[in-house]
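Below: one structure, written as structure tokens.
The values are calculated or read from the model by the stated rules, or taken from the named source; none is laboratory data. Since the structure is predicted, the reported quantities are computational estimates derived from the model, not experimental observations. Methodologically, a virtual Cβ is constructed for each residue, glycine included, from the backbone with ideal geometry; neighbour enumeration extends over all protein chains shown.
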């Protein structure tokens, strides 16, 4: 597990590079001051983005309960619960929360970018 990165994963770097190319700047990385420690956060627009690993966050295509043993079942369940708690806490604070799967970023980058752009645009439209 020591080789598992918390930040700067390949899907996260791919997403950030694409966001930068599209002119979306001003985000902060790996923000420890917010619940769940979002991968990306636009402070002025209250938009957060998480890029979740399919296995570590319990996506059905990558994680099958009972297959890897009790330790992993408990760990993945705790991760999923922590994700839900972070989402609830962030929304209660007025943040928009976007969760993307790592494989989703790799296979459908344009769709992921559209979701983020829509969220950022919706917040900007509310301000005017």
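Give me a count of the residues in the range 36-59 that are over 12 Å from the mean Cα position of the chain (by Cα) and either outside any loop (DSSP other than H, G, I, E, B) or surrounded by 15 or more Cβ atoms within 10 Å (Cβ to Cβ) (or both).
Summing the residues that are over 12 Å from the mean Cα position of the chain (by Cα) and either outside any loop (DSSP other than H, G, I, E, B) or surrounded by 15 or more Cβ atoms within 10 Å (Cβ to Cβ) (or both) in the range 36-59 gives 7.
The set of residues in the range 89-128 that are out of contact with any helix residue (DSSP H, G or I) (no Cβ under 7 Å at 6 or more places or on another chain), modelled with pLDDT of 95 or more and not in a helix (DSSP H, G or I) comprises 93, 94, 95, 99, 101, 108.
The combined condition, being surrounded by fewer than 16 Cβ atoms within 10 Å (Cβ to Cβ) and either within 21 Å of residue 14 (Cα to Cα) or touching a helix residue (DSSP H, G or I) at 6+ places or on another chain (Cβ under 9 Å) (or both), is fulfilled by residue 26.
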